[in-house]
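Just below is one structure, and these are the notes that go with it.
The values are calculated or read from the model by the stated rules, or taken from the named source; none is laboratory data. Everything numeric in this text was worked out from a predicted model, so none of it was measured. Every residue, glycine as well, gets a Cβ built from its backbone with ideal geometry; the counts of neighbours run over all protein chains shown. With ligands, DNA and RNA removed, areas are computed over all heavy atoms of the protein, side chains included. Shrake-Rupley method; radii C 1.70, N 1.55, O 1.52, S 1.80 Å.
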Amino acid sequence: MKPTLLILAAGMASRYGSMKQIDGFGPNGETIIDYSIYDAINAGFGKVVFIIKEEFVDNFKSIFEPKLNGKIEIDYVFQNFDLKQFGIEEEIYREKPWGTAHAILAARNVVKEPFCVINADDYYGYDAFKKMVDFLSDEASDSNFSIIGYEVGKTLSEFGAVSRGVCKVDAAGNLEEIIERTKVYPKDGNIFYEEDGEEFPLSFETPVSMNFWGFTPAVFKITEKLFVEFAMANKDKPKAEFFIPLIGENLVKSGEATFQVVPTSNKWFGVTYKEDKPYVQDSINQLVKNGTYPEKLWN
């Protein structure tokens, strides 16, 4: 059974100003998602599931189905505010969705095979998808999950400091914890993070999470339990979000599961602000020029 690719694409992209999930970046208007799916198909994934808002579905179908028909199975699931499906009868006011870990619960009834989760607006590269397929096919179990670890030096921005989830890894290559560093930046040929006004060095190869996780369907039951607890504990915090690293942190600390940190040498890039668009376009054009991708991605 081939693994499935879940794509987190329900965000409203408020900082970007429009739906960056379906904005064109490639030479023929390809989205970043197009490159992820292209790499996923070549790596051996058998299905792609878009996690979106229901009002996005016609846009997504019109953009992706003509390209992907016959190439990979496609499905759509919807992230919404309905808490009754989780047994929560209380009305809880929300300004925005509950976060990435809540989003994957939308797929719990359609995904029955090992799967990975990625962001719609991040470029990950073929190597990461191939390593994830190999892990999900050969090593994944209901107590052994994974995360792709990117070298921090290959994830930085030319436009200022970034936040990165720095992975602390044990001798066996398993995740011990993810430490959120909110100001990471290059300086004088080195990499630093700032904390409490002090500057600390990071090695170029330090692994960081870019939200590329591998699971089996067993994680849905675990996540649903954690989400109900989180929702009730944060019912008076309308901006609180239930993120995927919270699942990892809980499972690692409880000893219920391990997360293998699978290293990749791929360069990552992503888009948050409109100002990022020219950089992302140039990065993709370079990948086309060096032969990583054909100029016209889909025939």
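Tell me yes or no: at least one residue of segment 133-142 is in a helix (DSSP H, G or I), open to solvent by less than 70 Å² (accessible area, probe 1.4 Å) and closer than 28 Å to G24 by Cβ. Within segment 133-142, one or more residues are in a helix (DSSP H, G or I), open to solvent by less than 70 Å² (accessible area, probe 1.4 Å) and closer than 28 Å to G24 by Cβ.
Can you find a residue in segment 145-159 that is of a type in the set (G, A, S), closer than 16 Å to A231 by Cβ and surrounded by 14 or more Cβ atoms within 10 Å (Cβ to Cβ)? The answer is no, given that none of the residues of segment 145-159 is of a type in the set (G, A, S), closer than 16 Å to A231 by Cβ and surrounded by 14 or more Cβ atoms within 10 Å (Cβ to Cβ). Checked against the criterion of being more than 22 Å from the chain's Cα centre (by Cα), within 30 Å of K168 (Cα to Cα) and open to solvent by less than 80 Å² (accessible area, probe 1.4 Å), the candidates S283, S254 yield just one match: S254. In segment 203-219, is there at least one residue being free of Cβ contacts under 8 Å to residues at least 12 places away in the same chain and in a helix (DSSP H, G or I)? No. The set of residues from segment 143-163 being part of a strand (DSSP E or B) and over 28 Å from T223 (Cβ atoms) comprises just one member, E151.
In the set (1) in a helix (DSSP H, G or I); (2) open to solvent by 30 Å² or more (accessible area, probe 1.4 Å), D82 fails one condition alone, (1). Residues of segment 229-238 include at least one that is at pLDDT below 95, part of a loop (DSSP other than H, G, I, E, B) and surrounded by 13 or more Cβ atoms within 10 Å (Cβ to Cβ).
Within segment 160-171, the set of residues being open to solvent by 50 Å² or more (accessible area, probe 1.4 Å) and without any contact (Cβ under 8 Å) to a residue 40 or more places away in the chain comprises A161, S163, K168, D170, A171.
Mind listing just one residue for me: the one in segment 40-79 that is β-branched (V, I, T) and in a helix (DSSP H, G or I) and, of those, surrounded by the fewest Cβ atoms within 10 Å (Cβ to Cβ)? Across segment 40-79, the extreme among qualifying residues is V57.
Within segment 86-100, can you find the residues that are under 17 Å from K53 (Cβ atoms) and modelled with pLDDT of 90 or more?
If we filter segment 86-100 for residues that are under 17 Å from K53 (Cβ atoms), which is where we start, we get 94-100.
Passing the criteria: W98, G99, T100.
G160 meets all of the listed conditions (1) closer than 25 Å to I22 by Cβ; (2) small (G, A, S); (3) at pLDDT below 95 but one, namely (1).
Conditions (1) touching a Leu at 6+ places or on another chain (Cβ under 7 Å); (2) of a type in the set (D, E, K, R); (3) more than 24 Å from M132 (Cα to Cα), marked per residue:
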{"site": "F215", "(1), (2), (3)": "no, no, no"}
{"site": "K237", "(1), (2), (3)": "no, yes, yes"}
{"site": "G255", "(1), (2), (3)": "no, no, no"}
{"site": "N266", "(1), (2), (3)": "no, no, no"}
{"site": "Q281", "(1), (2), (3)": "no, no, yes"}
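Residue check: F192 meets all listed conditions (1) touching a residue at least 12 places away in the same chain (Cβ under 8 Å); (2) open to solvent by less than 70 Å² (accessible area, probe 1.4 Å) but one, namely (1).
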